[in-house]
Ligand SMILES: Cc1cc2nc3c(=O)[nH]c(=O)nc-3n(C[C@H](O)[C@H](O)[C@H](O)COP(=O)(O)OP(=O)(O)OC[C@H]3O[C@@H](n4cnc5c(N)ncnc54)[C@H](O)[C@@H]3O)c2cc1C
């Protein structure tokens with residue numbers, strides 16, 4: 001008689017939905033609601049963009065040409081699996097008349113601006129500043145045992161060995177107008193698709209207590225993907241970007257005297273207070289102990 005192999009079927013544990021009157025309630029209980037919502041929004045967002053492209057008869061190739069990038073970059077960006085969930089969570093949605101972008105209790109700027117703040121901090125005989133000096137032009141002259149804090153794009157440091165990370169950047173167009181007040185607020189967003197710029201900044205509104213006379217300066221902001229020749233502004237952070245960044249992060253271990261810091265070095269979206277917090281942490285945990293006690297440089301959450 002032929003031997004029969006007993007097949008043991010593994011049954012997946014079925015979670016009971018009993019006691020839940022809504023799907024949301026069930027997902028919340030399973031700790032999955034946020035993840036499901038983000039995935040659904042990403043699917044809808046990508047679908048809406050594709051539908052809008054169809055309606056306007058814009059091909060992926062055409063969109064790539066307009067955005068000065070490649071067709072494969074566009075396909076990557078339109079893939080819902082690639083869209084990072086924080087694209088959705090980064091935009092504040094409020095059902096109130098609060099028109100501020102940030103939700104922090106306190107907001108502020110250094111009294112005389114960041115430039116003045118840093119000028120004063122760097123005003124020491126122990127600090128030398130070399131402007132217009134590309135790190136890659138002088139890299140070979142830096143002794144291997146001297147600590148370096150690298151704040152440029154992390155993929156450029158490794159000559160893009162594990163791929164080019166997705167970066168976005170902005171171009172600004174300046175105009176001086178013969179009016180006292182152009183738009184009544186510091187930033188106005190333009191979401192219409194037939195307007196090429198995304199925002200207009202009018203800086204006089206950041207300091208309403210100052211007097212600027214009867215002229216005003218505005219900057220129109222145009223968004224685009226960054227190329228290798230640009231100094232990028234924001235990480236796009238798709239799923240494959242995150243994967244590539246992790247590879248760069250692992251490769252950083254081979255450079256024990258280099259600390260990768262800031263928004264470009266750690267491929268993170270940072271606001272000013274977070275960038276300053278990360279720099280102070282890096283000093284406290286890594287650079288300070290290295291100078292004081294000769295401790296090896298550490299890779300931390302703030303700087304890799
Ligand atoms: C358009 C724009 C608007 C913003 N608006 C706000 C806002 O309203 N509120 C807010 O809180 N934050 C805002 N931010 C974010 C804030 O500016 C950043 O978080 C902060 O500047 C990050 O500091 P950082 O030191 O990490 O990087 P950076 O300020 O970018 O400093 C990195 C430095 O490294 C230098 N560098 C790079 N590569 C090389 C190289 N190869 N050789 C030599 N030097 C190199 C760069 O020139 C630069 O000076 C904005 C950012 C941008 C781009």
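The values are calculated or read from the model by the stated rules, or taken from the named source; none is laboratory data. Model, not experiment: these values are computed from the prediction. In this analysis, Cβ positions are derived from the backbone assuming ideal geometry, glycine residues included, and neighbour counts consider all displayed protein chains.
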Exercise. Inside region 25-79, counting only helices (runs of 4 or more DSSP H) that do not spill past its ends, which hold 2 or more residues that are modelled with pLDDT under 80 and touching a helix residue (DSSP H, G or I) at 6+ places or on another chain (Cβ under 9 Å)?
Worked result: 33-55, 71-78
For this session: Return the residue satisfying two criteria in turn: it lies in region 127-163 and is touching a residue at least 40 places away in the same chain (Cβ under 8 Å) and in a helix (DSSP H, G or I), and of such residues it is surrounded by the fewest Cβ atoms within 10 Å (Cβ to Cβ).
Result: 156
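For every residue, the table says whether it meets (1) within 15 Å of the ligand (Cβ to nearest atom); (2) over 15 Å from residue 251 (Cβ atoms).
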site: 124; (1), (2): no, yes
site: 138; (1), (2): yes, yes
site: 147; (1), (2): no, yes
site: 158; (1), (2): yes, no
site: 172; (1), (2): yes, yes
Exercise. Quick one: which helices (runs of 4 or more DSSP H) sit completely within region 226-304 and have at least 3 residues that are within 16 Å of the ligand (Cβ to nearest atom) and surrounded by fewer than 18 Cβ atoms within 10 Å (Cβ to Cβ)?
Worked result: 272-282
